[in-house]
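Engineer: What follows is a single structure, and I will ask about it in a moment.
Just so you know, all these numbers are worked out from the coordinates, no wet-lab data involved. Computed from a predicted structure; not experimentally measured. Because the Cβ atoms are built from the backbone with ideal geometry, glycine has one as well, and the counts that use them run over all protein chains shown.
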Amino acid sequence: MSFSKFISKQSSKPSGLFGRFIMPFFFEFGNIELNNLVFDTLSVKDSDHLLEIGFGPGALINKIAKKMKSGMIEGIEVSNSMIESAQKKNKKFSKEGKVKIQLADIESAQFDENNFDKIFSVNAIYFWKEPNTTISKIYHFLKPEGQLTIGFHDKNEMKNMSLDSDVFNLYSPSEISDLLSGYGLFKDIQTVSKKGKQRMLHCVSAIK
Ligand SMILES: C[S@@+](CC[C@H](N)C(=O)[O-])C[C@H]1O[C@@H](n2cnc3c(N)ncnc32)[C@H](O)[C@@H]1O
């Protein structure tokens, strides 16, 4: 397997020793700026019920849990290595019932309708095999007036990173906006873009 394919596959679902010991650091430090932008965009309220899809090592869950007083944050992940890493980081909040994380794929996950105030995902939409179906599932999981926020890096910049195109589906901000407004689902779609130290950071939000 080429190195590019290996890193792409590890990014989509970290596994084995590499996934357990290297990828958590790779994500936590490499994605800090984008996670901070998503955090700012979420404007978390004390009582919010949130869901993160593809939380990796769980750094953003931890940051949000520290901020909230009475709310709850749930997370789903397809990688056992990331579940282990995020559990360790959020042990105290899990015990308190403020954080609940589980092994699940967003494409088959089940939650009640009108369940969450905010659902968000950072650097994970590239791996959704059926983004239209997934976006409409998320829509149903959100409460009325609930917010969906997607954080991602720029398609044109990522094209130069020799990632495996069988693994990564890259998007521009307008393509994500079109995805969210498809079938007349979401409204009030807003994009925030910011220049990071190395790459552009994009965050698209929409309201149910
Ligand atoms: C590139 S990492 C980003 C991790 C973290 N959000 C960050 O910004 O550092 C993508 C994560 O999404 C997870 N993932 C990929 N597809 C997923 C899916 N369909 N459902 C849930 N998690 C998924 C992967 O296992 C991986 O940990």
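Engineer: Mind telling me which of the residues Asn62, Asn90, Asn114 ends up being more than 16 Å from Gly151 (Cα to Cα), more than 11 Å from the ligand (Cβ to nearest atom) and touching a Pro at 6+ places or on another chain (Cβ under 7 Å)?
Structural biologist: Criteria check complete, one pass: Asn114.
Engineer: Oh, and also: Given segment 68-169, what strands (runs of 3 or more DSSP E) lie entirely inside it while holding 2 or more residues that are out of contact with any Gly (no Cβ under 9 Å at 6 or more places or on another chain)?
Structural biologist: 72-77, 142-153
Engineer: Restricting to segment 18-55, name every residue that is polar (S, T, N, Q) and either within 11 Å of the ligand (Cβ to nearest atom) or not in a helix (DSSP H, G or I) (or both).
Structural biologist: Within segment 18-55, Asn31, Asn35, Asn36, Ser43, Ser47 meet the criteria.
Engineer: Being more than 12 Å from the ligand (Cβ to nearest atom) and within 17 Å of Lys88 (Cβ to Cβ) is the filter here; which residues of segment 65-76 pass it?
Structural biologist: The answer is Ala65, Lys66, Ile73.
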